[in-house]
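Notes for the one structure printed next.
Read the figures in this text as sums done on the coordinates, not as results from a lab. Bear in mind the structure is a predicted one, so any value in this text is a computation, not a measurement. All Cβ positions, glycine included, derive from the backbone under ideal geometry; neighbour counts span all protein chains shown.
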Amino acid sequence: MSENNENEEQLNKKRETSTSNDEDVDKINNKKLKSKTKELPFEQLYLDRLPNSLMYEKSFMHKDICTFIAVSKSDFIVSTDILGYVKFWKKQPIGIEFVKTFKSHVGPVSSLSISFDGQLLCTVGFDKNVRIFDIKNFDLINSFKVPFLPLTCEWVYGVNSSKTLIAISSRESSIINLYDSKSDDTSGKPLHIVELHNKSVHLIKFNQQFQSVISCDIGGSVEYWDIEEPFDQPTNVNFQMKLETDLYDFEKQSTLPISLEISGDGKYLSTMGRDKKIRIFNYKSGKLYRVYDESFAVLQQIQKTEDPIYHLDYADFGRRLAIEKEIDTMYDQFLNNITSKQSPPLNSILFDESNNFLIYSTLVGIKFVNIKTNKVVRVLGKIENSTRFLGLSLYQGKNEGDVTLGTKKRDTENDPTLFCLSFKKQRFYMFTRREPEDNDNPDYGRDVFNEKVTKDEQLLIQNAQRQLPRNAIIHTSLGDIHIMLYPDECPKTVENFTTHSKNNYYNGVIFHRVIKGFMIQTGDPQGTGYGGDSIWKKEFEDEFNRNLRHDRPFTLSMANAGPNTNGSQFFITTVPVTRLDNKHTVFGRVYKGTEVVTAIEKSKTDQDDKPLNDISILNIKITQDVPLEFQNKKI
């Protein structure tokens, strides 16, 4: 273990040792290995047309938790939330522009679908309403109510179809109902019904190339059907009976697909299973082409390997695993009571425009897998350890902008963007080929506050910011350390620290760990590195800010035992330690008394890095503001 890693472990309240890396997909995940290694010609050209930023560049708000996001071929993005709002966004040469909001449903949007040509949008909700939108004109063009609780919807018409049919399944039966989206009939009576399943259908996808549909029910049954009456099995596939295919695999394994996607050329069908396995089928034959295992057992095995691509701290892996189990519980609740007004978190899987890469979200991050070579070529968002990305949608077009919006540009370059939802978050996120910008003004950060805040909420925020102190003086047995605090960027951390200080919690507490060329650590009343509670008597979440980094010495930061495990312990760095960014919350800087920090750093220590002679905090004085002469000083 390197000295840097040893030093970083010293910041953890619990000294737990672990190895957490991954093996190649070929070694663990892929179940259909070829003896000869394959290569994809021009692979780098394809990769250059895909997002590659390790962190999301921007995020935008909804009024509440987001439920769906989708990209149309007409360069529009549609997002929805649990309050029934539908938002339209327009792709620009760089980034996106907001266009319009609709209050489409009373309650959550339970499903949405964009037509293959990018012209039409359908949303269905728990209020039983069906809304049809003209995407290019972002206009509601039809609306009707159905006599059942809708489960999912999908456009099922082709270029030569006489009607623009929308398929809507029911939570209350196994029937798939087909409606003419342009009909004036508002009775809710379907134009056709498809009866191929024995249980409610939760996934439907239209294969434009084969002019056919594939549907899956909650029992694991998978069916192909034609888009024209009598909706029989398509004639352009290479099997006559399902027994000739691998489509029974879900029922054999007592599982079901929870996500479904068809490649742009129509050749492949990919699914994400309830058993955490990614299955890719040859659409025409129905035979399995690839299987990638993302189950908990495999993930735990991966953590024992030495590939740094997937390396996670022991505590970080445990926290992420807990979120996965919470997602599984929500899906169990959905399956056990499908007629209830709830939907499980959306997890999607998709192909890129070349149909060579499969993109899906996992516990570790968003994986890009080359399905020709069976290699993970890219992992995005791993560093975003407080965000579990779920629903995905990919934009790979080239947009020249809009004259009316003043964004028209010539000779624009491709701006591939991966749009993502996140578990229990009211934002959607954008991964591009640009990392987030460093910005000294937090009002212009990557998380855009595009939703209006009420006057009462704004007043509460302003009052809270005014009430939180910005100055602390740590009186130690070796001298005073003056610290500027950042309540605007990390209010909860500052509140915890200043409240403890005012309550004399830190009085007499020793610096229990001192490492030359790294940091000095304190804040544990037990003096062992294993103790200390927050003011709420429980661990609290991290508050990372891109403008507050461990990029200079004399930075005040929280010690922890992994993500979102902050208590009372803190440390002050003595050198730049950027590897701690996005792992520990920076909430202050030393503006006076740096020589005291240096003196503590130089003290003699034992083999556990504890000073031989105790150095203690006498008390911490908290005041509202930093002295004027230091307020504008860059520290």
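Considering only the other residues whose Cβ falls under 9 Å of the Cβ of I473, what net charge follows from Lys and Arg at +1 and Asp and Glu at -1?
For residues surrounding I473, the net value is +1.
Under a 5 Å amide H to amide H cut-off, with H placed in plane at 1.01 Å, what residues pair with N399 once short-range neighbours are removed?
D415
Let me have the 222 nm mean residue ellipticity of the chain computed from DSSP H runs of 4+ only, each contributing -39500 (n - 2.57), with the sum over all residues rounded to the nearest 500. Could the numbers behind the result be given before it?
Working: 9 runs with 83 residues, N = 635.
Calculated at 222 nm, the ellipticity per residue is -3500 deg cm²/dmol.
Would you grab the residues whose amide H sits under 5 Å from the one on F126? Only those 5+ places off in sequence or on another chain, please, with H modelled 1.01 Å from N.
For F126, the qualifying residues are S110.
Near N356, within a Cβ-to-Cβ distance under 10 Å, what is the net charge of the other residues, with Lys and Arg +1 and Asp and Glu -1?
Net of charged neighbours comes to -2.
Around N503, what is the net charge, scoring Lys/Arg as +1 and Asp/Glu as -1 over all other residues with Cβ under 15 Å from its Cβ?
+1
What list of ³J(HN,Hα) values in whole Hz, one per residue of the stretch 151-158 in order, does the Karplus curve 6.51 cos²θ - 1.76 cosθ + 1.60 (θ = phi - 60°) give from phi, with Gly and Pro shown as x?
Values per residue, Gly and Pro as x: 10, 8, 9, 7, 6, 10, 9, x Hz.
Using θ = phi - 60° and the Karplus form 6.51 cos²θ - 1.76 cosθ + 1.60, what ³J(HN,Hα) does each residue of the stretch 596-603 get, whole Hz, x for Gly and Pro?
5, 4, 5, 5, 5, 4, 7, 5
Could you tell me the relative contact order of the chain? Use alpha-carbon pairs under 8 Å, at least six residues apart, and round to a whole percent.
Details: 1477 pairs, mean separation 91.5, N = 635.
Over the chain, the number comes to 14 percent.
State the dimensionless ratio Rg/Rh of the stretch 542-635 (Rg: radius of gyration of Cα atoms; Rh: Kirkwood radius).
0.97
Give me P(r) over the stretch 53-148, computed from all C-alpha to C-alpha distances, binned every 5 Å, as integer percentages.
Reading the bins upward from 0: 3, 13, 25, 24, 19, 10, 4, 2, 1, 0.
Based on alpha-carbon positions alone, could you give the equivalent ellipsoid semi-axes of the stretch 460-631 from the gyration tensor, as √(5λ), descending, whole Å?
After scaling each eigenvalue by five and taking roots: 23, 17, 16 Å.
Please report, in cubic angstrom per residue, the volume enclosed by the convex hull of the alpha-carbon atoms of the chain.
Numbers: hull volume 111.8 nm³, N = 635.
Normalising the Cα hull of the chain by residue number yields 176 Å³.
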